[in-house]
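Asker: Sending over a structure as C-alpha cells; questions will come in a sec.
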Amino acid sequence: MIFGNINHEKTYAKLDKDLFNCLEYTKNNNLVKLEKGSYEIDGKNIFVNIVEYDTCEKEDRFWEAHKKYIDIHFMIKGRERIELNFIENLTKKEYEEEGDFLSLDGESNSYVELCEGDFLICYPEDAHMTSLKVDEKENIKKAIFKVIIR
C-alpha cells in the first residue's frame, strides 16, 4: 500500500504509469463537481467510482480486498479512517468473482486517516476496512479508482 498526498508529485511521479495517470486525473478534473457514479477512463481497465456516504463505527463495517484491480482511494471532501492489514494476516472468506470482492475477518495492524487531497493505493495483498469515522461521523466524498492488474 502507498499513502500519499496529491501535492507531493515528485514522490508519486515514479509510480506505475496507470497509477500515475489516475492521480493526474484528479488534478485535471474537478472531482468535486462530478456526480456519484462510475466514469470510464480506459474502459474496464481503468475507471473511477465517485461515492458519497456517512462515515460510521468500526462494528458497522467489513474487511475487503481485490484480486483483479488495484484501488486508489482519493479523498475529495471530508475525513475517513481506513483500517489496514495484509490478507495473509486475516481469515479469507468467500471471493465474489463478478464484483472482484474478497471478504475477510480479523483485526487491523495499522490505519490511515485520509483528509482532502490524500490518497491510499491498495494492492491485492492489502486488505482494507473503509468508511470509518475519524472523530465524529461525517459525510464524505471520495473517488475510488480501479486499475486492472496487467
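Asker: Please list the non-local residues whose amide H lies under 5 Å from the amide H of residue 63, H modeled 1.01 Å from N, same-chain partners needing a gap of 5 or more.
Answerer: Hits under the 5 Å cutoff: 104.
Asker: Then there is this: State to the nearest 20 debye the size of the charge dipole of segment 2-144 about its Cα centre, where the only charges are +1 on K and R beta carbons and -1 on D and E beta carbons.
Answerer: Dipole of segment 2-144, to the nearest 20 debye: 520 debye.
Asker: Sticking with this one: Taking a 31 Å limit on the Cα-Cα distance, which of the listed pairs 33/92; 17/67; 33/58; 14/44 fall beyond it?
Answerer: Working: 33/92 37 Å; 17/67 19 Å; 33/58 29 Å; 14/44 24 Å.
Listed pairs above 31 Å: 33/92.
Asker: List the relative contact order of segment 2-144 as a percent without decimals, with contacts defined as Cα pairs under 8 Å and 6+ residues apart.
Answerer: On the way: 290 pairs, mean separation 50.1, N = 143.
Taking the mean separation of contacting Cα pairs over the length of segment 2-144, I get 35 percent.
Asker: Projected onto the charge dipole of the chain (+1 at Lys/Arg Cβ, -1 at Asp/Glu Cβ, origin at the Cα centre), which of 53, 6, 82 gives the Cα projection farthest towards the positive end?
Answerer: Toward the positive end, the furthest listed residue is 6.
Asker: Along each of the three principal axes of the Cα atoms of segment 2-144, give the extent in whole Å, ordering the values from largest to smallest.
Answerer: Principal extents (Cα only, largest first): 39, 33, 29 Å.
Asker: HN-Hα J couplings of segment 125-139 from phi, Karplus 6.51/-1.76/1.60, θ = phi - 60°, integer Hz, Gly and Pro as x?
Answerer: Ordered by residue, 3J(HN,Hα) equals 7, 9, 6, 9, 10, 9, 6, 8, 5, 8, 9, 10, 5, 8, 8 Hz.
Asker: Still on this structure, I have one more. Rounded to the nearest 500 deg cm²/dmol, what is the calculated helix-only ellipticity per residue at 222 nm for the chain, with -39500 (n - 2.57) per DSSP H run of length n ≥ 4?
Answerer: Values: 2 runs with 16 residues, N = 150.
Theoretical 222 nm ellipticity from helices: -3000 deg cm²/dmol.
Asker: Counting only residues 5 or more places away or on other chains, whose amide H sits under 5 Å from the amide H of residue 41 once H atoms are built in the peptide plane?
Answerer: So residue 41 has HN proximity to 46, 47, 48.
Asker: In whole Hz, what ³J(HN,Hα) sequence does segment 97-102 give by Karplus (6.51, -1.76, 1.60; θ = phi - 60°), x for Gly and Pro?
Answerer: Each residue's phi maps through the Karplus curve to give 4, 4, x, 6, 10, 9 Hz.
Asker: Now a separate question. Give, as ranges by residue number, the residues of segment 120-150 whose backbone N falls under 12 Å from the point 7 Å along Cα→Cβ of residue 88.
Answerer: Those under the cut-off are 125-126.
Asker: Within 10 Å of each candidate Cβ there may be at most 16 other Cβ atoms; applying that plus a DSSP loop requirement, which GluC sites (Glu not before Pro) in segment 48-150 survive? Working shown, then result.
Answerer: Working: sites: 52, 57, 59, 64, 80, 83, 88, 94, 96, 97, 98, 107, 113, 116, 125, 136, 138; in loops: 57, 97, 98, 107, 116, 125, 136, 138.
Answer by residue number: 57, 97, 98, 107, 116, 125, 136, 138.
Quick note: the coordinates plus some simple rules give every number you see, no bench work behind them. This is a predicted model, so every value here is computed, not measured. Cβ: placed from backbone, ideal geometry, glycine included. Neighbour counts: every protein chain shown.
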